[in-house]
Amino acid sequence: MTAGDSAATTVLVVEDDPAIQELIGFTLSHAGFGTIITSTAEEALERINEILPDIALLDWMLPGMSGVVLAQRLRSQLRTRDLPIIMLTARAAETDRVTGLDQGADDYVVKPFAPRELVARIRAVLRRRAPEQGSEVLELGPIRLDARSHVVAVAGAPVDIGPTEYRLLRFLLAHPERVFSRSQLLDKVWGDHVFIEERTVDVHMRRLRLTLGAGADAWLVTVRGAGYKLARPA
């Protein structure tokens, strides 16, 4: 991403600590990003109604609505379902990382963080999300994913799917028949700076199979010693 690309990118920052607000604002401005800085989730939602940012940085611990709940809210609304989200938090435990990612975050940055690292994370998330944003409808056999409405259907019947399973399915639909290792899926779906155990992928693959229902084992194939692939139905 060039400096010119950054200049066209608006970052929403939701952080209640004035010192961290100043640090992030200066860092992003120096990197050429436009910024919208708010102190609460409620204020952030008001600003989003006025202008949709390109990416959001959400502090976990906020007065009133938490950053995790805000992420859930953004993922539940049509206008903001595909908004890239990075969680900013002092909570470094793996369970906290998994929780943040499960609620729809694309990446998870632990405080304190280096300014250059934050900029790199933002650019990495934007690069990862950009190619898939262009694919509005993805289909394979009976599976259909419509990114415009955020609806997944199997044999014409809509299914209830979680945010992480949605992103995992969307990635696999965009790359049918390709085998991806657990580490590759963590990199491509969760983010290349996310440090969680590879078994997390197994958990979400099981959830995705349950979501897709009978026959899912024939589509979501475990390749022994290699990883997973989404196979075309025979």
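Look through region 213-234, keep the residues that are among the charged types (D, E, K, R) and out of contact with any strand residue (DSSP E or B) (no Cβ under 7 Å at 6 or more places or on another chain), and return whichever of them is farthest from Phe180 (Cα to Cα).
Ranking the candidates gives Asp217 first.
Search region 157-192 for residues being within 16 Å of Ile85 (Cα to Cα) and in a loop (DSSP other than H, G, I, E, B), and hand back the single one that is modelled with the highest pLDDT.
That would be Gly162.
If you scan region 198-225, which residues turn out to be surrounded by fewer than 13 Cβ atoms within 10 Å (Cβ to Cβ), touching a residue at least 12 places away in the same chain (Cβ under 8 Å) and part of a loop (DSSP other than H, G, I, E, B)?
Passing the criteria: Glu198, Gly213.
Criterion first (at pLDDT below 90, in the same structural domain as Lys188 (by TED's automatic domain parsing) and over 15 Å from Met205 (Cβ atoms)) does Arg148 satisfy it?
For Arg148, the condition - at pLDDT below 90, in the same structural domain as Lys188 (by TED's automatic domain parsing) and over 15 Å from Met205 (Cβ atoms) - is met.
The values are calculated or read from the model by the stated rules, or taken from the named source; none is laboratory data. As the structure is a computational prediction, the values presented were derived from the model and not from experiment. As a convention, Cβ positions derive from the backbone with ideal geometry for all residues, glycine included, and neighbour counts pool all protein chains shown.
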